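What follows is a short report on a single structure.
The values are calculated or read from the model by the stated rules, or taken from the named source; none is laboratory data. None of the values given here were measured: they were computed from a predicted structure. Using ideal geometry, Cβ is built from the backbone for each residue, glycine included, and neighbour counts are taken over all protein chains shown.
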Amino acid sequence: MADPTELMLADLSNSHADAIVSNTFLRLYASDSRFGRTFASLHERLNGHFESINDRAETTHHYWAEQSREMLALIKEVANFLDSLKHAGMQVNLAGPYASALKGCQSWLVRSGGSTIPDDFEQIAIIKYEPVFSRPDTEIKLKKTNQRTQLQLIGEGSYAKVFSFVDPDYGIKFAVKRAKNDLSERDLYRFQQEFAILKRLKFPYIVEVFQYDTTRNEYQMEFCESTLRKYIKKRNNTLSLSSRKRIALQFLYGVNYIHTEDLLHRDVSLQNVLVKTFNRGAVIVKLSDFGLAKDKNSEYTRTKTEMRGTYRDPVLESFKDYGVRNEIYSIGWVLSYIFSGREALLSQDDAPSQIVRKCTAHDVARRYGSVRELIGDVEGMEATPPPTDAPA
């Protein structure tokens, strides 16, 4: 036997299925797949009457007979709809100003001969860009304060500036990356593509981005306290080999992930690897700055594209020919810094040095053929005593 409550909810959900509703109001309730259209229809009809009443209050103080009857019927429809949902155990609230407006209108509306709008009538504030129907059981109210949030400049490159700020809704620090105003059309396109790429990458060792603002050409991203260069430089005398190994592996896992997504970073460097720190010294490494990233299946890079990147492979003649083994070369420089803290390639006979030499070999064919192969060698490095520093 069908559940009476479910039957009622189904009828309420379908009550406005055929109603013509503008997208202006449908978009306000897009997250509610069951009652969104009904909410939007009622909201749009309420606004239509409220706007007409406001206009008549300033002129004739008379609201037409037919419209008066329609408005009274709409008031009853809204009340019955909300009562029915409440009876089904579903709480829906009507915005306070609208609830008060309906109550006020009901006091002077009549069914015949038109309605006289009182002399002391106060204009109804029309709500057009926010929902007036809300479901507390499925929504959360964010502060959305009107206070201005101060941005702090924390970094600057050739194409963009990076700021930090504390979001007033969450009390969490975020970063904002903003394109410079004088970017060429091509570089601005790359900046926008950087966001698009990062938005689709979901992995612990890739920096997370949130939303793009087209008016300012900027996007928000998670905040990381340091670059890899600054992090290691500050702790170089205390980091154990085991911690360096964990940092190296996180970095490699991130690069391996983007390679499995058919992407090449093309600007792997100590500045483009960020470090997010936690209590007791734990860290997570995050790849960032995908402005030069290229889909290996894309033909976007032109033959005459300028050679860019911090660690340029000396055997690479054209950026168009950039491949995995060229990325391995840059990776070798980063690994060398992770294990030594020095801006020079390792040249000893220990395991880290052997790995770095294989990454940066002049003969490209002698380099690692994949990051996965490189990860195997780093993971297989000789075990070290338990670390005395905090875990990475």
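Tabulated results
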| read-out | value |
| --- | --- |
| Elements of type helices (runs of 4 or more DSSP H) in the range 314-386, at least 3 residues being small (Gly, Ala, Ser) and surrounded by 12 or more Cβ atoms within 10 Å (Cβ to Cβ) | 324-340 |
| Checklist (1) surrounded by fewer than 16 Cβ atoms within 10 Å (Cβ to Cβ); (2) in a loop (DSSP other than H, G, I, E, B); (3) free of Cβ contacts under 8 Å to residues at least 60 places away in the same chain applied to Pro204, failing item | (3) |
| Unique match (being surrounded by 14 or more Cβ atoms within 10 Å (Cβ to Cβ) and either aliphatic (A, V, I, L, M) or at pLDDT 85 or above (or both)) among Thr277, Thr305, Thr260 | Thr277 |
| Identity of the residue in the range 231-257, of a type in the set (Phe, Trp, Tyr) and in contact with a helix residue (DSSP H, G or I) (Cβ under 8 Å, 6 or more places away or on another chain), that ends up surrounded by the fewest Cβ atoms within 10 Å (Cβ to Cβ) | Tyr253 |
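Condition check ((1) outside any helix (DSSP H, G or I); (2) under 16 Å from Ser52 (Cβ atoms); (3) in the same structural domain as Ser52 (by TED's automatic domain parsing); (4) at pLDDT 95 or above) across all residues:
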site: Glu66; (1), (2), (3), (4): no, yes, yes, yes
site: Glu70; (1), (2), (3), (4): no, yes, yes, yes
site: Ala73; (1), (2), (3), (4): no, yes, yes, yes
site: Asn80; (1), (2), (3), (4): no, no, yes, no
site: Gln91; (1), (2), (3), (4): yes, no, yes, no
site: Ser100; (1), (2), (3), (4): no, no, yes, yes
site: Cys105; (1), (2), (3), (4): no, yes, yes, yes
site: Ile126; (1), (2), (3), (4): yes, yes, yes, yes
